Amino acid sequence: MDKESRPTLSRRSMLAGAAAAGVLAPAVAASGVAAFSAAAGAESASAAAGALRQITLYAEQLKDSNLIGYALEPGKPTIPGPLLEIYEGDTIEIELVNTTNQRLSIHPHGVNYETTSDGSPLNDSFNNPGETKVYTWRTQTAYQRDGVYMPGSAGYWHYHDHALGTDHGTGGLARGLYGGLIVRKKGDLLPDRQYTVVFNEQSINNLVAPNTPMLEANKGERVEFVCVGHGTLPHTFHLHAHRWADNRTGHLTGPDDTTQVIDNRNLDPGSSFGFQVIAGEAVGAGAWMYHCHVQSHSDAGMSGIFLVRNPDGSLPDGAQAAIDRFHGMPMGGMDMKAMNMSPVPTGVHDGIAPLAPGNPSAKKSKNSPPAAGHGHK
Amino acid sequence: MDKESRPTLSRRSMLAGAAAAGVLAPAVAASGVAAFSAAAGAESASAAAGALRQITLYAEQLKDSNLIGYALEPGKPTIPGPLLEIYEGDTIEIELVNTTNQRLSIHPHGVNYETTSDGSPLNDSFNNPGETKVYTWRTQTAYQRDGVYMPGSAGYWHYHDHALGTDHGTGGLARGLYGGLIVRKKGDLLPDRQYTVVFNEQSINNLVAPNTPMLEANKGERVEFVCVGHGTLPHTFHLHAHRWADNRTGHLTGPDDTTQVIDNRNLDPGSSFGFQVIAGEAVGAGAWMYHCHVQSHSDAGMSGIFLVRNPDGSLPDGAQAAIDRFHGMPMGGMDMKAMNMSPVPTGVHDGIAPLAPGNPSAKKSKNSPPAAGHGHK
Amino acid sequence: MDKESRPTLSRRSMLAGAAAAGVLAPAVAASGVAAFSAAAGAESASAAAGALRQITLYAEQLKDSNLIGYALEPGKPTIPGPLLEIYEGDTIEIELVNTTNQRLSIHPHGVNYETTSDGSPLNDSFNNPGETKVYTWRTQTAYQRDGVYMPGSAGYWHYHDHALGTDHGTGGLARGLYGGLIVRKKGDLLPDRQYTVVFNEQSINNLVAPNTPMLEANKGERVEFVCVGHGTLPHTFHLHAHRWADNRTGHLTGPDDTTQVIDNRNLDPGSSFGFQVIAGEAVGAGAWMYHCHVQSHSDAGMSGIFLVRNPDGSLPDGAQAAIDRFHGMPMGGMDMKAMNMSPVPTGVHDGIAPLAPGNPSAKKSKNSPPAAGHGHK
């Protein structure tokens, strides 16, 4: 396994069977597909027989900031936290280490947990300052009951604090305690790259333009978006020049599938969805916008670039100029007080850990992999 | 039919053929399933040949309160009003008695009605103070037209005032004139219990925490939620530790159904959806939260408990402590004036009629049925 | 082809093969179905082999108003702009003529375009004052890739300015630069009439009640709604006495389709959907309301009439009285400043071009076609 010093959790590393390590290596698996298949092959169809994943997460304040992120390694908190990914039937045991002086927790969507892993003060399920606690999430496939199919756990979900500031974790969410969670069905198609995009108040991943994450891919790569909404405001996620089906996978089941195809979707607090696109397919490489389509929000900085490079990883004509324009664009000031949100010291972040750690590529391209170099990491 | 003095309309009583009574008995059918099957068997597949249900509803002010509810019996208004339930093809004739001194009406979603039953001032369809009027709702199965299937009436719908205060019933909605409406397809699976949850401004069923409805079930029971949004604000409904498919039934059609599975969904004004869960399935009995996931709303009191008891009806470990915590939790004050909403005198309700009359169990468990005892009834 | 002097683009004229004309004739095809079939027959299943449509659009200020609309002919801007309609596989080349003194553009949803046709300042894709530029939109059918079906372009979409006022076109949207776009699959059922309904801030098509568009049809006609959301506010679109399936077409695929059937749906900024209803089916002719179900919005004027005439085109009993009531209803004042929206000089519009040019009937009934005569055209 080709380990790199990237403070992220890739899909393939998650599924590569690193459970024994206690902490999943923040690595990108060069031989990702093979490792993945091996892991998949070891799973049975029974939920009870699924794999057990054990990880440690650290809730930690970002340096020179009042933000708090989840981290796979001490000293490397990120916002959003690591993108966690499992198969239906798997179980994750999360040892959460609270390194802050605030009560906080982790609460998941889409999976099974007992009241002791609820992450809510209601159920006395949280970490006091300095405390370490284990939260267990289980998953299951769809099952028949009374003649109908009850849903399984597969989906693009998320996790977040449910205890900091208020009994609903409003303070923890405002400060960055959230992340993406994917539960796959066997046979689900795996992407080349993955990005978590969280619309949280009038920010994206607690960043505002032009410091929002630049999501990169090479033309022709399969890119997976995990979109999550948080906070107090309604949002709509729009991606330029790409679209998806409004269902669990984002794909159609065939030419007669009547699922609505969309490129703009509500992303309101607590909701999430995901999809895969072929980067630049039929539209070309370039700097494509993704943004909240609520006009006052996009104008206030809820906008970013999905940078589709040429297949060889080089920048297409015009892309650098677009990036430069993006950095020079006037943004309406965001009234953080009105949003009851902590100010995001974006300038400070550059010296710390990458801000979107769950977001780098899951598989590095052999040819000129996308590089950062535009200020948001 | 085992009648009890519960001021509610159960699914099974609704379908048990009480039409002749004029007013459906506010009863819970102990032999519910059998009665239901008999009713179902009497219906034909043709919409025209469906059953005729005749009920009387009373729009009546709650005692010591400015709230108004719909009632099946004089003196017993409830918020939400009775949960009405029929099969595709059935017709309901509602004799609405306006016992108030305000113009008001009843307007349904999802069913067929002529302009005279529109419930809107636009069509001169409302009850003047003291007036009694009949509203007729018809339903139909999906039908082919021009080679495509036009939708039938089946769905989780709702009804509400459309005339009090403004021509859109804004005053009636604020004061509690709303309820759930289910139109089933033949063969739809019936639940053991049903609850109507209405997100109305920053309240749930015009109540704020800790006085929001405690929804109860025994572990393993099939519980049906009917969720409705009203007022002026966007909301998202979240249920802890349970989930459903985002379609008409909440179930999947099979293992390959790509419908998105969710546990959080937009519940914006005028929208409704429903689903069934197996209480505590794979997660255990306990006090599970349901709440609006808009952080400012949950913090202001849009939160409640889905209390899953042990299979024998006893309280699971920790549940009473959770309930006690819930009652002691600080809630951010709700600014009723800002919401243009009548204040909800929750304390006063205890002495009056049950506040969530459509919400008690549809079928009482043989073993230690869930009891109230936590202030909201 | 029966040309008429209506400043609109009908579905059938769009598909009748007028590409050679450069500008699609703003006509209503009397022999619409035949012309349509011919066009359809000329298309291949391959996206590359689809038809090329070439039109010119004029962005032009409305007379005596600060509003700006798109027009198919100089001097005839409308809000919304013309309803554009093509088949999957077709290409549209839009020559956009900017007759204003503001930077503006056209940006589509749902179709393929290169960065040069993005319509965004980010990609330097806009028209300076007085400038003419060509934007190219391509479409495609669903296609298999890596064993899954990637979505095609079919859907109820829309287009809008992305450059006036802000880099997201907030000023252009506020002033009326938007319209509907339909991409059909072959075999999709064609309607008798089509209406575009845009919820833009607290207006419908930049109009407030009682000056909102009256949408007309004869009982039994198949009417298509294209609904679009814009601005900064969340909305829910509700239509009385009619309903649709929440998918791409609004139809069900058969009696076992579990798609949710709805009559109220979120219509938030940047989102769109469409559906077809049989006017007055099972409910009768009459003046049926369509409105935003956010109570403060409907009360402020986001409400209109779907006027279903008798099959012979005559007014049903009570309809004129309802229309008269609608025009006399008190509407809560709309605070345009709070919405950051230009005031809509509705009174002035009557003397200019029809305000909803994409909205007249696509096919005129042989018997007493619906006539205007109620002030909004």
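The values are calculated or read from the model by the stated rules, or taken from the named source; none is laboratory data. Given the structure is predicted, the values throughout are model-derived calculations rather than measurements. A quick note on method: Cβ atoms are made from the backbone with ideal geometry, for glycine too, and the neighbour counts reach across all protein chains shown. With ligands, DNA and RNA removed, areas are computed over all heavy atoms of the protein, side chains included. Shrake-Rupley method; radii C 1.70, N 1.55, O 1.52, S 1.80 Å.
Cross-link pairs exceeding 31 Å in C-alpha to C-alpha distance, out of B:Lys185/C:Lys219; A:Lys63/A:Lys186; B:Lys63/B:Lys186; C:Lys76/C:Lys133; C:Lys63/C:Lys185, comprise A:Lys63/A:Lys186; B:Lys63/B:Lys186; C:Lys63/C:Lys185.
Reducing segment A:135-155 and segment B:151-183 to their Cα centroids gives an inter-centroid distance of 33 Å. Taking amide H atoms as placed 1.01 Å from N in the peptide plane, the amide H of C:Ile106 lies under 5 Å from those of C:His162, each 5 or more residues away in sequence or on another chain.
Distances between equivalent label points of A:Leu189 across the copies, with each point positioned 7 Å along Cα→Cβ, amount to 3.1, 3.1 nm, shortest listed first.
Fully extending the segment from A:Lys186 to A:Thr136, taken as 0.36 nm per residue of separation minus the present Cα-Cα distance, adds 15.9 nm. Taking amide H atoms as placed 1.01 Å from N in the peptide plane, the amide H of C:His235 lies under 5 Å from those of C:Leu267, C:Asp268, each 5 or more residues away in sequence or on another chain. Among the trypsin sites (Lys or Arg not before Pro) in segment C:180-216, none is located in a DSSP loop while being surrounded by at most 11 other Cβ atoms within 10 Å of its own Cβ.
Each copy carries a label point for B:Pro129 at 7 Å from Cα along the beta-carbon vector; from one copy to the others these points are 6.0, 6.0 nm apart, nearest first. Here is the P(r) of segment B:106-253: all C-alpha pair distances, binned every 10 Å from 0, give 10, 33, 33, 21, 4, 0 in whole percents. Using θ = phi - 60° in the Karplus curve 6.51 cos²θ - 1.76 cosθ + 1.60, the 3J(HN,Hα) couplings for segment A:57-62 round to 10, 10, 8, 9, 6, 6 Hz; x is entered for Gly and Pro.
In order along segment B:266-275, the Karplus-derived 3J(HN,Hα) couplings, from 6.51 cos²θ - 1.76 cosθ + 1.60 at θ = phi - 60°, round to 3, 9, 8, x, x, 8, 8, 7, x, 6 Hz, and Gly and Pro are given as x. Database remark: amide H of A:Ser271 closer than 5 angstrom to the amide H of A:Gly229 (H placed geometrically; neighbours at sequence offset of 5 or more, or on other chains; Pro and chain starts carry no H). Can you list which of the GluC sites (Glu not before Pro) found in segment B:79-173 are DSSP loop residues with at most 13 other C-beta atoms within 10 Å? In loop regions of segment B:79-173 (DSSP not H, G, I, E or B), the sparsely surrounded GluC sites (Glu not before Pro) are B:Glu131.
Annotation: extensible slack from A:Arg145 through A:Glu95 equals 14.7 nm (criterion: 0.36 nm per residue apart, minus Cα-Cα distance).
Which value, in square angstrom to the nearest 100, describes the accessible area buried between chains B and A on both sides, using a 1.4 angstrom probe? Chains B and A together bury roughly 4000 Å² of accessible area. Nearest-to-axis residue in chain C, judged by Cβ distance to the rotation axis that brings C onto A and given in whole Å, is C:Pro234, 3. Extending 7 Å from the Cα toward the beta-carbon at both B:Leu52 and A:Asn128 defines two label points whose distance is 6.9 nm.
Phi angles across segment C:71-86 convert, under the Karplus curve 6.51 cos²θ - 1.76 cosθ + 1.60 with θ = phi - 60°, into 3J(HN,Hα) values of 9, 8, 9, x, x, 10, x, 9, 10, x, x, x, 6, 8, 8, 9 Hz, Gly and Pro given as x. Using a 7 Å projection from Cα along Cα-to-Cβ, the label point at C:Asn101 is separated from the same position in the remaining copies by 6.0, 6.0 nm, smallest value first.
Each Lys and Arg contributes +1 and each Asp and Glu -1, all at the Cβ; summed about the Cα centre of segment B:235-335, the dipole is approximately 100 debye. Quantify how much of the Cα-Cα distance distribution of segment C:172-236 extends past 15 Å, in percent. More than 15 Å apart: 59 percent of the Cα pairs in segment C:172-236.
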